[in-house]
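S.K.: The structure follows.
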């Protein structure tokens, strides 16, 4: 079965640079979630989209922005990167029925030097 | 705000034995879902089991089962016949029905399987 695809899988950036993370949900899933997992931490919700509209916002810095496109893929744009942004970034997708489970992608490991 | 608490940072069990991971949560809602996710060294988040709050029957998936105590707001995971491949970080998580349904995670329990 098709799974959530995230790219790139690994990313190394310098401080103050910009990064773009991409997420391709499971086919026919219209809801996308972004989570950030710091070293030794539990995943923290950043932002979510339903039918290309932002549906909820968590502890996402103002330096970050995200959107969902017409093909339902989503991109997380991160600017003015800081050392503390080094983390594993997960995308998860869910189908139309709210009772459906979120399925996670493999994550993008971002390292800011 | 809803919170999820896992009071056991680390647990260990002998291979083939049974282990129970604890989770408590705090919510004023009556309708919600609870989950256990497994995160092995690869750091992939893998769904282990889920429980709907309106269901009284405890969920079971092969060797994995839960003890859901709604009044006590407790949701423990029992792993029977532990296998080396069960070694991972286990996260308990909560979703409120309605709204955007973001997952709220506990701090995690690292499970070690001793051969």
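The values are calculated or read from the model by the stated rules, or taken from the named source; none is laboratory data. Being a predicted model, the structure only gives us computed values, none of them experimental. No Cβ is skipped: glycine too gets one built from the backbone with ideal geometry, and neighbour counts run over all protein chains shown.
S.K.: Pick out the one residue from B:44, B:101 that is in a loop (DSSP other than H, G, I, E, B), at negative phi, at the interface with chain A (Cβ under 9 Å from one of its Cβ atoms) and buried (at least 16 other Cβ atoms within 10 Å of the Cβ). Give the derivation first.
M.R.: On the way: B:101 fails: at negative phi.
Just a single option satisfies the conditions, and that option is B:44.
S.K.: Mind checking which residues of region B:9-26 are in a loop (DSSP other than H, G, I, E, B), touching a strand residue (DSSP E or B) at 6+ places or on another chain (Cβ under 7 Å) and away from chain A (no Cβ under 14 Å)?
M.R.: Looking only at region B:9-26, we keep the residues that are in a loop (DSSP other than H, G, I, E, B), and these are B:9, B:15-18, B:22-23.
Checking the rest, the ones that are also touching a strand residue (DSSP E or B) at 6+ places or on another chain (Cβ under 7 Å) come to B:9, B:15, B:18, B:22-23.
Within region B:9-26, B:15, B:18, B:22 qualify.
S.K.: So in region A:52-92, with the set limited to residues that are within 12 Å of chain B (Cβ to nearest Cβ) and closer than 16 Å to residue A:27 by Cβ, which one is surrounded by the fewest Cβ atoms within 10 Å (Cβ to Cβ)?
M.R.: Residues of region A:52-92 that are within 12 Å of chain B (Cβ to nearest Cβ), as a first pass: A:53-60, A:87-92.
Keeping just the survivors that are closer than 16 Å to residue A:27 by Cβ gives A:91-92.
Numbers: A:91: 29, A:92: 25.
Once the filter is applied, the top-ranked residue is A:92.
S.K.: Looking at region A:49-72 only, could you name the residues that are assigned to a strand (DSSP E or B) and under 18 Å from residue A:5 (Cβ atoms)? Write out each step before concluding.
M.R.: Taking region A:49-72 as the starting set, the residues that turn out to be assigned to a strand (DSSP E or B) are A:49-50, A:53-57, A:64-68.
Within region A:49-72, A:49, A:66, A:67, A:68 qualify.
S.K.: Among what's in region B:70-98 and is outside any loop (DSSP other than H, G, I, E, B) and at pLDDT below 95, pick the residue that is nearest to residue B:13 (Cα to Cα). Give the derivation first.
M.R.: Start the filter on region B:70-98 by keeping residues that are outside any loop (DSSP other than H, G, I, E, B), which leaves B:74-79, B:84-86, B:88-96.
With at pLDDT below 95 added as a condition, the list becomes B:94-96.
On the way: B:94: 26, B:95: 29, B:96: 32 Å.
For region B:70-98, the residue satisfying everything is B:94.
S.K.: Another question about this same structure. Could we say that residue B:56 is farther than 23 Å from residue A:37 by Cα, without any contact (Cβ under 8 Å) to a residue 60 or more places away in the chain and more than 14 Å from every other protein chain (Cβ to nearest Cβ) here? It would help to see each step written out before you state the result.
M.R.: Working: farther than 23 Å from residue A:37 by Cα: yes; without any contact (Cβ under 8 Å) to a residue 60 or more places away in the chain: yes; more than 14 Å from every other protein chain (Cβ to nearest Cβ): yes.
Here the answer is yes, as residue B:56 does meet what is asked.
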